[in-house]
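Working notes for the structure below.
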2 protein chains.
Amino acid sequence: MDVKAYMQKLGQQAREASRQLMVATTRQKNTALLNIATALEEQAETLKTENAKDLEQGKANGLDAAMLDRLALTDKVINGMATGLRQIAALNDPIGEISDMNYLPSGIQVGKMRVPLGVVGIIYESRPNVTIDAAALCLKSGNAALLRGGSEAAYSNRALAKCIQSALHESGLLPTAVQVVETTDRAAVGEMIAMPEYVDVIIPRGGKGLIERISEGAKVPVIKHLDGICHVYIDDDADADKATRVAFNAKTHRYGVCNAMETLLIADSRAAEILPGLVELYEEKGVELRGCEQTRAICDMKAATEEDWATEYLAPILSIKVVDDVDEAIDHITQYSSGHTESIITENLTTSRQFLARVDSSSVMVNASTRFADGFEYGLGAEIGISTDKFHARGPVGLEGLTSQKYIVLGDGTIRE
Amino acid sequence: MDVKAYMQKLGQQAREASRQLMVATTRQKNTALLNIATALEEQAETLKTENAKDLEQGKANGLDAAMLDRLALTDKVINGMATGLRQIAALNDPIGEISDMNYLPSGIQVGKMRVPLGVVGIIYESRPNVTIDAAALCLKSGNAALLRGGSEAAYSNRALAKCIQSALHESGLLPTAVQVVETTDRAAVGEMIAMPEYVDVIIPRGGKGLIERISEGAKVPVIKHLDGICHVYIDDDADADKATRVAFNAKTHRYGVCNAMETLLIADSRAAEILPGLVELYEEKGVELRGCEQTRAICDMKAATEEDWATEYLAPILSIKVVDDVDEAIDHITQYSSGHTESIITENLTTSRQFLARVDSSSVMVNASTRFADGFEYGLGAEIGISTDKFHARGPVGLEGLTSQKYIVLGDGTIRE
């Protein structure tokens, strides 16, 4: 069978399964999730054996230590997946939720009902645990899933798929509710993102290159997240302790994450007071600093270039710029931010309201670390990704982002006059 | 200037205006809307003079009576536009609405703030009143608008744009907040739908051909509506009077609209009782009927073909099919519906709950006419279109469909541990 025919077949099966899943009961979906968790624990040895084949091949292909680490299915990773499944089973079922039912003058009662999107296609790279994570979120939200993992994790993903499908079968759901694309042919991705009749949304998880390629070619909506060039702005009316605490945490809590601060902006009036202590903390922690001219007049550091303001370091590097006021801070953010997360440190109510209204990012914060921009921290209970788009889902995407709302109308033989 | 450069310039200007509009006060936006209404009334003679040029050219180009009718700016149409503007001014401002603010264990308080999408591109055909309607909805929701009307309405749209822009200027807003594309070069549409840096969403309003062409080529999200193949299903447990009333209204209230019923499904157990009276009503009204074999065994009519089930007549034609039960009705709907609107007539609670859950259309109704699927009837106060997609907006799209929600986070120097 050629790749196109193969993908069409998976798509048809997914569409069919989605019709069943759409009306699966909460208990059925939760039972399936718990059964998958048990299957992973029972099959831990098989999973590790299959994973060892991927690891071996990865080493032979010269994957670096970080990639091999992401690829490994250790006991800890397996237990983590099982725990994640049980957490998702414990979340409220978003499907069928009815809201805003109101009577209208004509006599009809109109409201909205939350429903699944249908079929979700997820394209990801080396981490095999995404297979479980994505399958669980799709199942809970009543969506069929079509999963395309990296070829370097092919053995692992196939073994995980077996666990999922036997658990689905046991729970009385169609095993095709979650399908792993088994060909490593790259053309499969091209087919998957161009079958609007079978796939309702694509979620790419991985590097910027992957996401750009997919967005470029997709014929269906894409929930995507590109850069996270996040800013903290220390305002004229900042509390110095809060400013130092948040600016330090936003940069150093973790480096390789999209919600880490990449540029610190600070009001001219507070720079000489706050920067020296903060710079000392960063330097103790080994963060490389790059400053604007005014910053460098206060603390000695490397000069920041135009390129720095537009860079997502994902590393212990921070650029620092002194600005006149909140207006200049917002102008800088408007120009350079990727629209992910920005935070202002201020005690001034009016300034904070301005910052909240005027900064056009998916998360806008006051006196809080950008590191909070995360589905779990926001109480969503799960996260399928962080969207820097404005359409449909924006910011951390949980189960709700995998759903839509249809209108429901109740009448009593009501007609339009 | 070539078309590409021209459209890029409009796009840049729209983006710039959108930054101002994003934070315009409710009063500013409402003043602008009311000023446009006044300008239209004051400039009524000019508008009619310019419109006459379009009408004359239309006649010379052989436009039919229906098209010329849609094109005409009569006093009634002008007053209708002014009334529409005042109604939109009276609606609540959706922008800035904060919802779901909750404290989380970390100490942060997280909620959502409603914000504009940014720049909305609207592509439409002959009706010049769409220019005002679309401009008003975009303004109220804080979005800059880029409007591309039909070339047959070029004089009218230019005159309307002048009214809008002088009113914007008077209200202290940038006149570029609403721009009418002035070239009639078709390449302008191609450019407009492929500038994601300047346009956030495209809304095509017009025939199916236009909408398909635009969806095909767009590099930005499209809020679109294709067919409306709507069904009414008369269930075993239907009240016969309600069934007759709704089925008659859904077909005959208006014919050329997307929410008119195109196929009537009726349970076998009720067909012989209900169909004869209903058929008489339809025939009195001059509706052409096409039935399945079972229907024709009860009432004499033309035979329906496979093609009938998949056709949006937009005309006084109705296809009728007898089904075994609600399952067969839902199967038929799943196969042939365009996902717009379906209604069940039943007194049975369990059957109605099943129908609501299992029918995957943008509006699902119980004991109500499909004709209610409309933004005004749903109490949205306005309608920019009806979306048959699942992503972002589904069903009638009002002001909310032109907005997005960002996360806002308030802390007290809160950091992630």
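Which members of segment A:376-417 meet the condition of being touching a residue at least 24 places away in the same chain (Cβ under 8 Å), facing chain B (nearest Cβ under 7 Å) and touching a His at 6+ places or on another chain (Cβ under 8 Å)?
A:Phe391, A:His392, A:Arg416 - these are the residues of segment A:376-417 that are touching a residue at least 24 places away in the same chain (Cβ under 8 Å), facing chain B (nearest Cβ under 7 Å) and touching a His at 6+ places or on another chain (Cβ under 8 Å).
Among B:Ile234, B:Ile223, B:Ile229, which is closer than 30 Å to B:Arg127 by Cα and at pLDDT 95 or above?
After ruling out the rest, the residue left standing is B:Ile229.
Going through segment B:23-46 one residue at a time, which ones are in contact with a helix residue (DSSP H, G or I) (Cβ under 7 Å, 6 or more places away or on another chain) and buried (at least 19 other Cβ atoms within 10 Å of the Cβ)?
B:Lys29, B:Asn30, B:Ala32, B:Leu33, B:Asn35, B:Ile36, B:Ala37, B:Ala39, B:Leu40
Failed condition for A:Glu97, given (1) out of contact with any strand residue (DSSP E or B) (no Cβ under 7 Å at 6 or more places or on another chain); (2) within 14 Å of chain B (Cβ to nearest Cβ), with all others met?
Going through the list (1) out of contact with any strand residue (DSSP E or B) (no Cβ under 7 Å at 6 or more places or on another chain); (2) within 14 Å of chain B (Cβ to nearest Cβ), A:Glu97 breaks only (1).
Has segment B:231-251 got at least one residue that is in contact with a Pro (Cβ under 8 Å, 6 or more places away or on another chain) and facing chain A (nearest Cβ under 10 Å)?
Within segment B:231-251 (the criterion being in contact with a Pro (Cβ under 8 Å, 6 or more places away or on another chain) and facing chain A (nearest Cβ under 10 Å)), the answer is no, since none of the residues qualifies.
Results for (1) in the same structural domain as B:Asp308 (by TED's automatic domain parsing); (2) closer than 17 Å to B:Leu318 by Cβ; (3) within 28 Å of the chain's Cα centre (by Cα); (4) buried (at least 18 other Cβ atoms within 10 Å of the Cβ), shown as yes or no for each residue.
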position: B:Gly209; (1), (2), (3), (4): no, no, yes, no
position: B:Ala240; (1), (2), (3), (4): yes, no, no, no
position: B:Val246; (1), (2), (3), (4): yes, yes, yes, yes
position: B:Glu283; (1), (2), (3), (4): yes, yes, no, no
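The values are calculated or read from the model by the stated rules, or taken from the named source; none is laboratory data. Worth saying up front: this structure is predicted, and the values here are computed from it rather than measured. FYI the Cβ positions are ideal-geometry reconstructions off the backbone, even for glycines, and counts take in every protein chain you see.
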